[in-house]
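Contents: one structure, followed by commentary.
The values are calculated or read from the model by the stated rules, or taken from the named source; none is laboratory data. The structure displayed is predicted, hence computed values, not measured ones. Don't worry about glycine lacking a Cβ; one is built from the backbone with ideal geometry, like all the others, and counts go over all protein chains shown. Just so you know, the surface numbers come from the protein's heavy atoms only, side chains and all, with ligands and any DNA or RNA stripped out. Shrake-Rupley method; radii C 1.70, N 1.55, O 1.52, S 1.80 Å.
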Amino acid sequence: MRNTITGFNDAGIWLNYHNHPVILNNTISNTNVIHFYVNGINLSNISNGFNVSNNNIQLQSIDQNLFGMTIDNLNMDGGQPGILSNNMMAMVSNSAFIYGIQFYQLHKTRILHNSINLVSANAEFSTGMMFDCEDSPFTFDNSLVNNIINNQQEDIALFITTIQLIIIC
């Protein structure tokens, strides 16, 4: 809580196999990415809910892939709901892949009031949010409410591979 994280190689925050983590009010920035890819926040195999809120993520590179957040296998036990809210992300790259938030599997997750700004002159591909999830009962009951996505590359704002995944309000 209230950390400033800079100058990392893979991820500013990387949690794997945690129970109800809380990640609040952090500033995560790397304006000189030299690794092949970098994540502001990477969460995987999280159980019993989570709260990732009020974080500021700023990533900049010349040709490295940028991920504001990567979310994989979240809250699959269906315990408490997961909250991903009020996060601000800005990613700038000249020629790479840019993802605001990339989701793989999630359940009972509330994605609320996030702001994502993607800037690139020649990005290979860019998307504000990408939901690449299986179509199964465990990937339902998710909500996407009042998020702002600005993709100056004019690629994709919201990419969903499973129609039944999410309720958009």
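Looking at Asn54, Asn19, Asn26, just one residue is closer than 27 Å to Arg110 by Cβ and touching a Lys or Arg at 6+ places or on another chain (Cβ under 9 Å), and that residue is Asn26.
So, in the range 90-124, of the ones that are outside any strand (DSSP E or B) and at pLDDT 90 or above, which residue ends up farthest from Leu66 (Cα to Cα)? Ranking the candidates gives His113 first. Asp77 falls short on exactly one of the conditions (1) open to solvent by 50 Å² or more (accessible area, probe 1.4 Å); (2) closer than 20 Å to Ser143 by Cα; (3) at pLDDT 90 or above, and that condition is (3). I want to confirm something. Restricting to the range 1-15 and keeping residues that are over 15 Å from the mean Cα position of the chain (by Cα) and of a type outside the set (Phe, Trp, Tyr), which single residue is modelled with the lowest pLDDT? If we take residues in the range 1-15 being over 15 Å from the mean Cα position of the chain (by Cα) and of a type outside the set (Phe, Trp, Tyr), then Met1 is modelled with the lowest pLDDT.
Taking each residue of the range 55-68 that is assigned to a loop (DSSP other than H, G, I, E, B) and looking for partners that are surrounded by 24 or more Cβ atoms within 10 Å (Cβ to Cβ) with beta-carbon atoms closer than 6 Å, six or more apart or interchain, yields Asn55/Asn87. Does Gly49 satisfy the condition of being open to solvent by less than 30 Å² (accessible area, probe 1.4 Å) and under 14 Å from the mean Cα position of the chain (by Cα)? No: the conditions fail for Gly49. Among the residues of the range 1-44, how many are open to solvent by 20 Å² or more (accessible area, probe 1.4 Å), assigned to a loop (DSSP other than H, G, I, E, B), within 14 Å of Met89 (Cα to Cα) and out of contact with any Leu (no Cβ under 9 Å at 6 or more places or on another chain)? Summing the residues that are open to solvent by 20 Å² or more (accessible area, probe 1.4 Å), assigned to a loop (DSSP other than H, G, I, E, B), within 14 Å of Met89 (Cα to Cα) and out of contact with any Leu (no Cβ under 9 Å at 6 or more places or on another chain) in the range 1-44 gives 1.
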